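*Asks:* What follows is a structure written as structure tokens; I'll ask about it next.
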Amino acid sequence: MSTFGYSMPVYFQNMPTIGEPLSAPNAENEAELRKIEEELEKEVADILASGRDDESLNKSGQMTALQRLDMLVDKGSWCPLNSLLNPFENADGSTGIITGLGKIRDKWAVIIASDNKKLAGAWVAGQAVKITRATDMAKQLNVPLVYVLNCSGVKLDEQEKVYAGRITGGTPFYRHSELMQLGIPIIVGIYGTNPAGGGYHAISPTILLAHEKANMAVGGAGIVGGMNPKGFVDKETAQLLIDATKNAKREDPPGAVSVHFGETGFFREVYTEEEGVLEAIKKYMDTVPAYNENFFRVDDPEEPLYSPDDLYTHVQFNQRRAYKIHNVLSCIFDSSEFMEYKKGYGPEIVCGLAKINGLLTGVVSNFQGMIPNYPEYLQNSIGVGGKLYRQGLVKMNEFVTLCARDRLPIVWFQDTSGIDVGDPAEIAELLGLGQSLIFSIQNAKIPQMEITLRKGTAAAHYVMGGPQGTDTNVFSLGTAATEIYVMHGETAAAAMYARRLVKEQDDGKDIQPVIDKMNALIKSYSDKSRPGACAKQGLVDEIVNLDELRRYICAFVGAAYQNPVAICAFHQMLTPRIIREWDSLNNV
């Protein structure tokens with residue numbers, strides 16, 4: 001029982017329950033989903049294990065990045081993000097850093113750790129993209145950004161992939177300035193040699209904490225001065241390089257503790273043990289602004305009535321099979337309670353208020369299945385769950401705007417096949433209403449996360465809280481059933497080759513070569529749209545096991561309430577009152 005009282009218990013406690021017990025688990029469906037989860041878990045483990053072995057690093061006096069994180073982050077709170085992100089297809093599958101959301105001394109932070117197993121944490125292709133995603137998360141959640149830095153500078157034989165592009169090497173330094181101007185602190189623990197880009201990485205945060213063997217500098221000892229550039233290397237040049245390197249080994253590298261603690265004072269604290277740096281980060285995290293979660297709680301935290309393992313039956317791996325979205329939500333939110341917004345209107349969308357760890361959040365999801373006599377702008381029609389129609393788009397615009405007004409974070413559950421098409425849909429203003437939803441989400445200025453349960457298709461994926469449409473998306477998750485594409489592979493093949501089939505047949509030619517091209521395109525769509533490919537391309541920030549979804553949502557909502565930029569008193573909220581009024585008028 002909380003030591004704090006709760007506002008408006010008549011609204012937020014004993015909300016309507018949803019869901020139903022499983023009559024029988026679907027073992028075949030569960031096996032298909034868990035097989036993909038296990039494959040992706042192994043791939044992530046292989047990426048983390050690649051590079052210098054742990055024993056070698058430990059013998060040299062260093063902990064690995066994972067060992068540092070294990071010591072830094074509160075047990076059970078670590079939520080890895082972008083584990084598979086590899087937009088430039090690096091051979092080891094890694095971008096040289098580990099990122100995620102975790103608690104440090106019971107306060108949420110976005111954390112970036114240099115993976116010192118891989119080229120001592122060097123800048124490699126795609127690393128800046130991953131850092132940028134992490135800085136965006138800190139900005140949207142208004143929580144600290146914490147670095148565990150060990151960056152040996154640019155991988156020089158791939159400098160063109162790293163250095164001077166708009167979203168490559170320099171971007172994080174501008175982002176650090178932006179965060180501090182917003183009042184978001186950046187705390188860095190510095191290990192090892194951090195020259196050039198690594199040096200700016202080190203100097204750009206707010207608080208600099210260093211290990212005694214750390215350094216940061218404009219350039220490293222390996223950049224030997226005094227050489228006369230010739231445009232090539234001959235034996236004379238090589239010998240000069242050998243002599244200069246031997247001499248450099250006998251000296252401290254530029255920017256060592258003696259300089260940046262003893263002279264410049266840039267290092268605020270220095271520690272002889274690696275653990276000391278991590279303890280110092282914790283000490284500074286103790287000082288940053290954060291509400292006690294009970295300030296925002298509306299009820300005692302409760303587990304769902306139904307097991308998260310039930311999700312392996314509810315979420316159908318076969319994309320053509322429908323399922324009950326209320327059953328999915330009942331396995332995730334507190335006490336399986338859900339206050340649905342405008343039930344019966346815009347039936348292709350199920351949205352409303354739910355609780356996670358006792359904290360209130362908005363929820364938006366797609367209904368699955370057939371909807372008789374719908375949409376209203378077509379006579380004698382049957383709506384298809386997962387597709388967006390006029391009422392559903394209006395409903396989402398309203399709900400997002402109300403959540404923004406009441407300062408509630410939103411969790412989106414996507415399983416959408418797109419937006420209705422054709423002249424009736426155009427007359428019904430679906431194009432404009434879809435863009436209106438993007439405007440509403442962007443205008444909301446509240447943290448939002450998105451889960452692509454199965455399908456994320458075309459513009460519907462953008463407008464339903466997808467990461468492409470607005471900058472309010474903190475992160476996006478996928479599952480073992482996720483597919484993201486502009487349209488299904490078979491639809492794309494038909495769109496590309498239908499006229500070619502007609503022409504070939506009319507010319508009396510064999511249509512089999514065209515059919516072969518169509519099937520190749522379908523396979524390509526499948527290969528590039530599945531969970532692992534989506535994670536590597538950055539279409540989602542992490543593929544999460546179904547039974548882990550609640551934990552990630554707890555982290556997101558908890559972080560969103562840690563230090564919000566604006567709050568609304570519960571007794572001043574409109575959303576629950578409007579829901580109750582709608583239910584009363586419509587006998588729901």
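*Asks:* Cβ under 14 Å from ASP420's Cβ, ASP420 left aside: what net charge do those residues give with Lys, Arg +1 and Asp, Glu -1?
*Replies:* Net charge in that neighbourhood comes out at -3.
*Asks:* Tell me, what is the FRET efficiency for ARG34 and MET487 to the nearest 0.05, using R0 = 41 angstrom and their Cβ-Cβ distance as r?
*Replies:* 0.90
*Asks:* Pairs of alpha-carbon atoms within less than 8 angstrom and 6+ residues apart define the contacts here; what relative contact order does the chain have, in percent?
*Replies:* Taking the mean separation of contacting Cα pairs over the length of the chain, I get 14 percent.
*Asks:* While we're on this one: Using only Cα positions of the stretch 364-484, each an equal point scatterer, no hydration layer, compute I(q)/I(0) via Debye at q = 0.20 Å⁻¹ and quote the log10 values to two decimals.
*Replies:* -1.08
*Asks:* Now for a different question. Return the sequence-ordered ³J(HN,Hα) values of the stretch 306-314 in whole Hz as given by the Karplus equation 6.51 cos²θ - 1.76 cosθ + 1.60 applied to θ = phi - 60°, using x for Gly and Pro.
*Replies:* Running phi through 6.51 cos²θ - 1.76 cosθ + 1.60 with θ = phi - 60° gives 10, 5, x, 5, 4, 4, 6, 9, 5 Hz.
*Asks:* Still on this structure, I have one more. At q = 0.31 Å⁻¹, work out log10 I(q)/I(0) for the stretch 456-513 with the Debye formula, treating every Cα as an identical point scatterer and leaving solvent out; two decimals please.
*Replies:* -1.20
*Asks:* Oh, and also: Length gain on complete extension for the stretch ALA27 to LYS235, per 0.36 nm per residue less the alpha carbon to alpha carbon distance?
*Replies:* Computed gain between ALA27 and LYS235 is 68.0 nm.
*Asks:* While we're here: Using the beta-carbon distance between ASN318 and ILE515 and R0 = 22 Å, what value does 1/(1 + (r/R0)^6) give for FRET efficiency, to the nearest 0.05?
*Replies:* 0.35
*Asks:* Given the C-alpha centroids of the stretch 464-534 and the stretch 331-361, what is the distance between them in whole angstrom?
*Replies:* 33 Å
*Asks:* Against the globular-protein guess of 2.2 N^0.38 Å, express the Cα radius of gyration of the stretch 37-152 as a ratio, rounded to two decimals.
*Replies:* Taking N as the residue count of the stretch 37-152, the ratio is 1.02.
*Asks:* Hey, another quick one. For the stretch 7-99, what are the per-bin percents of Cα-Cα distances with bins 5 Å wide, up to the bin holding the maximum?
*Replies:* Spelled out bin by bin, the stretch 7-99 gives 2, 9, 12, 14, 14, 11, 10, 9, 9, 5, 4, 1, 0 percent.
*Asks:* Assuming 0.36 nm per residue, please report the length gained on full extension of the stretch LEU182 to SER50 beyond their Cα-Cα distance.
*Replies:* 43.8 nm
*Asks:* Using the Karplus curve 6.51 cos²θ - 1.76 cosθ + 1.60 with θ = phi - 60°, what ³J(HN,Hα) values do you get for each residue of the stretch 14-29, in whole Hz, with x for Gly and Pro?
*Replies:* 6, 5, x, 8, 10, x, 7, x, 5, 6, 6, x, 9, 5, 5, 5
*Asks:* Report ³J(HN,Hα) in whole Hz for each residue of the stretch 86-103, in order, from the Karplus equation J = 6.51 cos²θ - 1.76 cosθ + 1.60 where θ = phi - 60°; Gly and Pro get x.
*Replies:* Coupling constants for the stretch 86-103: 7, x, 9, 6, 4, 4, 8, x, 10, 10, x, 9, 10, 10, x, 10, x, 9 Hz.
*Asks:* Okay, moving on. Put VAL394, VAL298, VAL259 in order of accessible area, largest first, 1.4 Å probe: what do you get?
*Replies:* Descending order: VAL259, VAL394, VAL298.
*Asks:* Rounded to two decimals, what ratio of Rg to Rh does the stretch 325-419 give with C-alpha atoms and a Kirkwood Rh?
*Replies:* With Rh from the inverse mean 1/r over Cα pairs, Rg/Rh is 0.99.
*Asks:* So what's the stretch 90-234 giving for Cα Rg divided by 2.2 N^0.38 Å, two decimals?
*Replies:* Working it through for the stretch 90-234, the quotient is 1.07.
*Asks:* Continuing with this model, one more query. Provide ASP547, ASP471 ordered by accessible surface of protein heavy atoms (probe 1.4 Å), highest first.
*Replies:* ASP471, ASP547
*Asks:* For the full complex of protein chains and a 1.4 angstrom probe, list TYR525, TYR163 by accessible area with the highest value first.
*Replies:* Sorted by accessible area, descending: TYR163, TYR525.
*Asks:* Once you place label points 7 Å from the Cα toward the Cβ at GLU303 and ASP243, how far apart are they in nm?
*Replies:* 7.2 nm
*Asks:* Can you give me the orientation-averaged projected area of the convex hull built on the Cα atoms of the stretch 299-346, in nm²?
*Replies:* Across all orientations, the stretch 299-346 yields a mean hull projection of 4.3 nm².
*Asks:* So what's the net charge close to GLY276: Lys and Arg +1, Asp and Glu -1, counting the other residues with Cβ under 11 Å from its Cβ?
*Replies:* So the surrounding residues net to -4.
*Asks:* If eta is 0.890 mPa s and T is 25 °C, what Stokes-Einstein diffusion coefficient results for the stretch 256-414, Kirkwood Rh from Cα pairs, in µm²/s?
*Replies:* After rounding, the answer is 126 µm²/s.
*Asks:* Starting from the coordinates of the alpha-carbon atoms of the chain, obtain the Kirkwood hydrodynamic radius over all distinct pairs and give the value in Å to one decimal.
*Replies:* In the chain this quantity evaluates to 26.1 Å.
*Asks:* Can you pull a Stokes-Einstein diffusion coefficient for the stretch 243-330 at 4 °C (1.567 mPa s), Rh from Kirkwood over Cα pairs, as a whole number of µm²/s?
*Replies:* It comes out at roughly 65 µm²/s.
*Asks:* Which cross-chain or sequence-distant (5 or more) residues have an amide H under 5 Å from the amide H of ILE349, H modelled 1.01 Å from N in plane?
*Replies:* Sorted by chain and number, the residues that satisfy this are PHE367.
*Asks:* Could you work out the mean projected area of the convex hull around the alpha carbons of the stretch 176-219, in square nanometres to one decimal?
*Replies:* 2.8 nm²
*Asks:* Take the Cα atoms of the stretch 428-532, build their convex hull, and give its volume per residue in Å³.
*Replies:* It is 106 Å³ per residue.
*Asks:* How big is D, in µm² s⁻¹, for the stretch 469-588 by Stokes-Einstein at 25 °C and 0.890 mPa s if Rh is the Kirkwood radius over C-alpha pairs?
*Replies:* 128 µm²/s
*Asks:* Please give, to one decimal in nm, the separation of the simple spin-label points placed at SER524 and THR272, each 7 Å out from Cα toward the Cβ.
*Replies:* 6.2 nm
*Asks:* Run the helix sum for the chain: -39,500 (n - 2.57) per DSSP H stretch of 4+ residues, divided by residue count, reported at 222 nm to the nearest 500 deg cm²/dmol.
*Replies:* -11500 deg cm²/dmol
*Asks:* How high is the relative contact order of the stretch 318-375? Use alpha-carbon pairs under 8 Å, at least six apart in sequence, and give a whole percent.
*Replies:* Result for the stretch 318-375 is 32 percent.
*Asks:* Going through the stretch 47-112, which trypsin sites (Lys or Arg not before Pro) have at most 11 other Cβ atoms within 10 Å and a DSSP loop state?
*Replies:* Sparse-neighbourhood loop trypsin sites (Lys or Arg not before Pro): LYS75.
*Asks:* Simple spin-label model, 7 Å along Cα-to-Cβ: ILE567 to ALA498 in nm?
*Replies:* If labels sit at ILE567 and ALA498, their model points lie 5.6 nm apart.
The values are calculated or read from the model by the stated rules, or taken from the named source; none is laboratory data. Note that the structure is predicted; figures quoted are calculated from it, not measured. Using ideal geometry, Cβ is built from the backbone for each residue, glycine included, and neighbour counts are taken over all protein chains shown. Quick note on the areas: whole protein, heavy atoms, side chains included, nothing else; ligands and nucleic acids left out. Shrake-Rupley method; radii C 1.70, N 1.55, O 1.52, S 1.80 Å.
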